[in-house]
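What follows is calculated from the coordinates using simple rules that are stated; it is not laboratory data. All values derive from a computational prediction rather than experimental measurement. Here the Cβ is made from the backbone with ideal geometry for all residues, glycine too, and neighbour counts use every protein chain on show.
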DNA sequence: CCAGACGTTGTT
DNA sequence: GTCTGG
DNA sequence: CCAGACGTTGTT
DNA sequence: GTCTGG
C-alpha cells in the first residue's frame, strides 16, 4: 500500500520532470500522511497544472468529507468498477510526485518502517485519482493513490505497493480521452531495478515527526529493541 | 419500489 | 450518482 | 500508515 | 477494541 510518503525535490526539478511551468512554492516534506494536502499534477484546459489536494478521496456524492478519509488508496484491480472511484478513473486521473514512500515491516509484533526510493534519486510519479466535492465552498479537491501487487523489492515488506508511472506514460495517464484498456495496462508493479529500500527511524511513525532524518538509513542492529 | 452502501489495509 | 439487497 | 483518544452538559 | 486526526 502507500500511506506515508516524502516530497523534498525542489520546485524547479519537479517543474521540469512533470512539465508544469508554474508550480507553487512549498517546503520539503519528509512525512506526508493521509488527510494532509498533497501536490497532484492534473490535466488542465491548457496543459498540466499542480493542485494541492486533500489526501483521501471524497467521492462527489459523499454526504460529508469524512467519507473520504479511508479512501487513501484504490486497488488497481477494481478501480474501473468501484462506485467510489469509477468516475475519477474515467475522467480525473493525476500524478502525485513523491521522492519516496514508507512501508512498515512487522517483526515479532514490532513495526519497522522502511523508505523506498528510486535508485537514481529521481522523484517518482505515483498514479492517482482525484475528485471535486461540492459539499463545501470552495469545493474540496481530494485524491487517492492507486495500488497494485508488490515487486521483488517491496515484497519482503508488504504485498501491495503504489503504482509508479514512468515519464513515457505521463501523457497517456493524464489525458481524459485515453482508452480504458490501455490505462489498465499501466497499472502494474514497477521494475525491480527502479527502486531501493532501507530501514529508517521508527520515530517517523509519529506523523508530527517531520525532520529530514525520517528518510535516512539506520543500522538494522540495535534500532528495534 | 425504497434504503443503504459506496473503500483499503492489516490483524486476529 | 449508481448499484445492491431486501 | 501510526498515534492518540475514547464524554456530557449547559452556557456564551 | 475502535474510531479520529495527522
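Given an 8 Å cut-off on Cα distances and at least 6 residues of separation, report the relative contact order of chain A as a percent.
22
Can you tell me how region A:5-215 classifies by the Cα gyration tensor, rounded, prolate or oblate, using a/c under 1.5 as the rounded cut?
Here region A:5-215 falls in the rounded category.
Under a point spin-label approximation (7 Å from Cα along Cα-to-Cβ), what is the residue A:11-residue A:82 distance to one decimal in nm?
Inter-label distance under the simple model: 3.4 nm.
What is the gain in length, in nm to one decimal, between residue A:152 and residue A:106 on full extension, counting 0.36 nm per residue of separation less the C-alpha to C-alpha distance?
Fully extending the segment from residue A:152 to residue A:106 adds 14.8 nm.
Which order results if A:106, A:188 are arranged by neighbouring Cβ count within 10 Å, fewest first?
Placing the least packed residue first, the sequence is A:106, A:188.
Calculated from DSSP H runs of 4 or more alone, at -39500 (n - 2.57) each and per residue, what is the 222 nm mean residue ellipticity of chain A, nearest 500?
Counting only the DSSP helices, I get -3000 deg cm²/dmol.
Between residue A:192 and residue A:136, take the C-beta separation as r, use R0 = 35 Å, and let me know the FRET efficiency to the nearest 0.05.
E(calc), rounded to 0.05, equals 0.20.
So if R0 is 22 Å, what FRET efficiency would residue A:63 and residue A:207 give, r being the distance between their Cβ atoms, rounded to the nearest 0.05?
So the FRET efficiency works out to roughly 0.25.
Just order A:175-185, A:130-140 by mean Cβ neighbour count inside 10 Å, highest at the front, would you?
Highest to lowest by the protection proxy: A:130-140, A:175-185.
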